[in-house]
């Protein structure tokens with residue numbers, strides 16, 4: 001596969017940030033006149049009059065409290081699903097208030113990833129496949145809308161009703177029935193198994209409870225047609241922490257907010273293979289304006305060398321992780 005040069009894009013419609021505390025989780029902060037959030041103990045709090053510094057401290061406390069709630073409930077339980085929906089609405093609203101954002105917040109949106117998706121779909125189309133994209137956590141639909149402009153069918157699932165409404169407005173009518181709202185792991189989710197050639201999720205992996213991540217990957221595997229691919233963007237453990245923990249604690253502190261587990265490239269690869277994916281590649285390199293994809297991207301060498309990152313100064317390790325694409329995998333279903 002030839003290297004892919006990916007330009008940067010302006011991203012309209014949503015407030016965007018590269019900081020990652022809630023990944024592709026979103027809150028409806030359109031009702032900002034009240035700015036009332038539900039705290040992890042069940043009480044309600046108005047955010048009016050609270051300083052940005054106090055809001056950031058509150059965000060840390062609530063992420064930690066909600067993270068404990070997420071894992072105390074049994075997996076696939078209604079209680080866990082309800083806690084996730086409530087918790088992400090709260091922490092995203094706290095982030096928006098602390099940063100003066102009055103509107104939907106989209107996390108982790110990056111034009112390079114968008115171009116990577118388009119290039120993979122183009123390759124599938126050239127091979128004669130009916131290329132079709134599914135996004136887990138599509139937010140306000142920016143990626144799906146742009147991909148659909150290139151003539152591709154798109155679909156996905158999102159837990160936030162507010163973001164579902166935004167996405168429904170963003171995409172053309174022909175795609176709206178495939179924009180699902182609800183729990184990806186629900187038994188009655190109306191998923192089209194075996195119909196998609198590419199699945200994408202950005203900053204979602206680390207928010208899934210560790211006892212459920214294998215279930216998520218197995219379901220994504222079932223969504224894909226034979227030969228289909230999964231693109232995973234997730235912060236690498238060696239540049240931890242990547243959630244709100246980083247605002248209060250030094251590098252190489254374990255994330256204690258709603259990043260329930262941050263993974264090494266080796267761990268992500270192992271989980272993907274266990275789910276049935278055989279070929280797991282990384283980008284060859286990544287710059288501010290370009291992602292280069294070529295073969296496996298030396299993924300095997302990267303996995304072997306990865307433990308050495310802990311022995312390097314943190315700033316240098318972070319440069320290597322970002323520059324050589326340790327946070328991105330492209331896994332293909334046989």
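Structure data summary
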{"read-out": "Cα gyration tensor category, rounded, prolate or oblate, for the range 202-298 with a/c compared to 1.5", "value": "oblate"}
{"read-out": "Ascending count of other beta-carbon atoms within 10 Å, so fewest first, for 75, 261, 132", "value": "75, 261, 132"}
{"read-out": "Per principal axis, descending, Cα span of the range 224-271 in whole Å", "value": "45, 18, 13"}
{"read-out": "Calculated log₁₀ intensity ratio I(q)/I(0) where the Debye formula runs over C-alpha points of the range 252-334, q = 0.20 Å⁻¹", "value": "-0.99"}
{"read-out": "Relative pair counts by distance (%), Cα atoms of the chain, 10 Å bins", "value": "6, 26, 36, 25, 7, 0"}
{"read-out": "Relative packing of peptides 234-240, 264-270 - highest average C-beta neighbours within 10 Å first", "value": "234-240, 264-270"}
{"read-out": "Among 191, 45, 143, residue whose mean-square fluctuation peaks in a GNM of the chain (springs only between Cα atoms under 10 Å)", "value": "45"}
{"read-out": "Where the Cα pairs of the range 190-241 fall when distances are cut into 10 Å bins, in %", "value": "23, 48, 23, 5"}
{"read-out": "Relative contact order (%) - criterion: Cα under 8 Å, at least six apart; region: the chain", "value": "20"}
{"read-out": "Value of [θ]222 nm, deg cm²/dmol, for the chain, DSSP H segments ≥ 4, -39500 (n - 2.57) each, nearest 500", "value": "-10500 deg cm²/dmol"}
{"read-out": "Whether the range 37-115 is rounded, prolate or oblate, judged on the alpha carbon gyration tensor where a/c under 1.5 counts as rounded", "value": "oblate"}
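No value in this document is a laboratory result; all are computed from the given coordinates. Quick caveat: nothing in here was measured; it's all calculated off a predicted structure. Every residue, glycine among them, receives a Cβ derived from its backbone with ideal geometry; neighbour counts consider all protein chains shown.
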